[in-house]
């Protein structure tokens, strides 16, 4: 074997684990968590076998992105749809999903909205006969062999961001933590209410698209994630992810990725470890 042949042989062996754990590979039989590239909005698709959970739905302008993601994966049913709070960039495609796909349950923040778009979501759920449930601490929803658990729910009518539903997805020994658009106020309340060991996770989706006031040092210290994903739009007017957040992530020594630079972010768990895959 020549040196060149040996080089490519070793390269193939190095890449093999990523091929086996790739999002599109049928040989993988674990949990997939995909932070979809929906611009300056939020949508996470979680699958375990035929079981499907979606956390937030992206803004309405990203309708095709969300539909294409579901169609590419052959999904026609969403077992549970969690809307962390009633802002358009998180609920913009909820009505479409309720009208187009079979949805098992709709989970909502206790803070409602008089916004016309939010009311249309509620009407669509009623028309489709989808049960609506206001999230409460301790609620659990099955995602195949994984479990979506509500850890904390803010309740500030004046600030929907700090009324986000905070939840974790548990798959065997691995944990994925989602905080919606919670900022320092709700993060502080979460940390005061929930023991650090229940916040410990392998993956954390950065709060509020990577804003300066979310995903604080105290939360990072309690959660100790290995991976952090930031969902934000390319060249967005807010300057997200904020440089202060990126500094905190560097200091916490986590592996972080962002949708504005890399597109949809895919993470997989075999029940023991979480990997980021391209």
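A compact table of results
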{"read-out": "Qualifying residue in segment 123-143 (condition: closer than 25 Å to residue 264 by Cβ and buried (at least 23 other Cβ atoms within 10 Å of the Cβ))", "value": "no"}
{"read-out": "Segment 123-165, residues that are assigned to a loop (DSSP other than H, G, I, E, B) and touching a helix residue (DSSP H, G or I) at 6+ places or on another chain (Cβ under 9 Å)", "value": "130, 131, 137, 154, 155, 156, 157, 159, 164"}
{"read-out": "Hey, residue 175 under 13 Å from the mean Cα position of the chain (by Cα) and over 19 Å from residue 42 (Cα atoms) or not", "value": "yes"}
{"read-out": "Evaluation of residue 278 against (1) at positive phi; (2) modelled with pLDDT under 95 (one fails), failing number", "value": "(1)"}
{"read-out": "Residue pairs meeting the criteria (Cβ under 7 Å; at least 6 apart or on separate chains; first surrounded by fewer than 14 Cβ atoms within 10 Å (Cβ to Cβ), in segment 176-202; second modelled with pLDDT of 95 or more and not in a helix (DSSP H, G or I))", "value": "193/152"}
{"read-out": "Top-ranked residue in segment 187-199 [being in contact with a strand residue (DSSP E or B) (Cβ under 8 Å, 6 or more places away or on another chain) and assigned to a helix (DSSP H, G or I); ranked as nearest to residue 230 (Cα to Cα)]", "value": "199"}
{"read-out": "Candidate set from segment 99-122 (those that are free of Cβ contacts under 8 Å to residues at least 12 places away in the same chain and in a helix (DSSP H, G or I)); member that is nearest to residue 77 (Cα to Cα)", "value": "122"}
{"read-out": "Residue within segment 59-72 that is in a loop (DSSP other than H, G, I, E, B), without any contact (Cβ under 8 Å) to a residue 60 or more places away in the chain and closer than 26 Å to residue 241 by Cβ present", "value": "yes"}
{"read-out": "Some residue of segment 173-186 being in a helix (DSSP H, G or I) and out of contact with any strand residue (DSSP E or B) (no Cβ under 8 Å at 6 or more places or on another chain)", "value": "yes"}
{"read-out": "Sole exception among (1) assigned to a strand (DSSP E or B); (2) without any contact (Cβ under 8 Å) to a residue 24 or more places away in the chain for residue 169, by number", "value": "(2)"}
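The values are calculated or read from the model by the stated rules, or taken from the named source; none is laboratory data. Note that the structure is predicted; figures quoted are calculated from it, not measured. For neighbour counting, all protein chains shown are included, and Cβ atoms are generated from backbone atoms with ideal geometry for every residue, glycine included.
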